[in-house]
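Student: Once you've had a glance at the structure underneath, I'll fire off some questions.
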Amino acid sequence: MTVQILAITSDLFLQSRVAELAKSLGVNATLVTTEEDLLRQASLKTPNLVVLDLASLEYDPFSCAQKLKTLASPPKILAIFPHIRKDLKGKAEKVMIDYIVPNSGLFKTLKSVLEKEVRGS
């Protein structure tokens, strides 16, 4: 079974980096820009991992996380936050997000998590 990653962001740099990393590991990546698309794709594709930006002003990442956790096959969630916003990290812990990393650690952590998923599938 192919590993699936779903990321919500309108940041073109982040989109290209996630897609590039996924491709290099043989992972299918779906990139969306709205909460509605995120939830629809999560229901359709049953991703192994969803990437959320805790500082996003375009959607409510905490609401998304809670909704994702109610799916029949809930994905693991990797959330990023600006290192100066420790309050976001605390909120993420309360909604039981699996991986919470500062923006600077995203790609190292994402690669590690995806490699584990690929080995486990």
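The values are calculated or read from the model by the stated rules, or taken from the named source; none is laboratory data. Note that the structure is predicted; figures quoted are calculated from it, not measured. Cβ sites come from the backbone with ideal geometry, for glycine too, and all protein chains shown count toward neighbours.
Student: Could you please find all residues in segment 62-112 being over 16 Å from residue 41 (Cα atoms), among the β-branched types (Val, Ile, Thr) and within 13 Å of the chain's Cα centre (by Cα)?
Tutor: 80, 97, 100, 101, 109
Student: Taking strands (runs of 3 or more DSSP E) that do not extend beyond segment 23-104, which have at least 3 residues that are within 16 Å of residue 6 (Cα to Cα)? So that I can check it myself, show each step before the final result.
Tutor: Details: elements: 28-32, 49-53, 76-81, 99-102.
Filter on segment 23-104 gives 28-32, 49-53, 76-81.
Student: Which condition breaks for residue 55 when tested against (1) modelled with pLDDT under 95; (2) closer than 13 Å to residue 9 by Cβ; (3) buried (at least 18 other Cβ atoms within 10 Å of the Cβ)?
Tutor: (3)
Student: Looking at segment 20-27, can you tell me whether even one residue there is free of Cβ contacts under 8 Å to residues at least 60 places away in the same chain, under 14 Å from residue 75 (Cβ atoms) and buried (at least 20 other Cβ atoms within 10 Å of the Cβ)?
Tutor: Among the residues of segment 20-27, not one is free of Cβ contacts under 8 Å to residues at least 60 places away in the same chain, under 14 Å from residue 75 (Cβ atoms) and buried (at least 20 other Cβ atoms within 10 Å of the Cβ), which makes the answer no.
Student: Within segment 41-75, which residues are in contact (Cβ under 8 Å) with a residue 40 or more places away in the chain and of a type in the set (Phe, Trp, Tyr)?
Tutor: Within segment 41-75, 59 is the sole residue that qualifies.
Student: Going through segment 1-30 one residue at a time, which ones are of a type in the set (A, V, I, L, M), touching a strand residue (DSSP E or B) at 6+ places or on another chain (Cβ under 6 Å) and over 21 Å from residue 82 (Cβ atoms)?
Tutor: 5, 6, 19, 22, 27, 29, listed by residue number.
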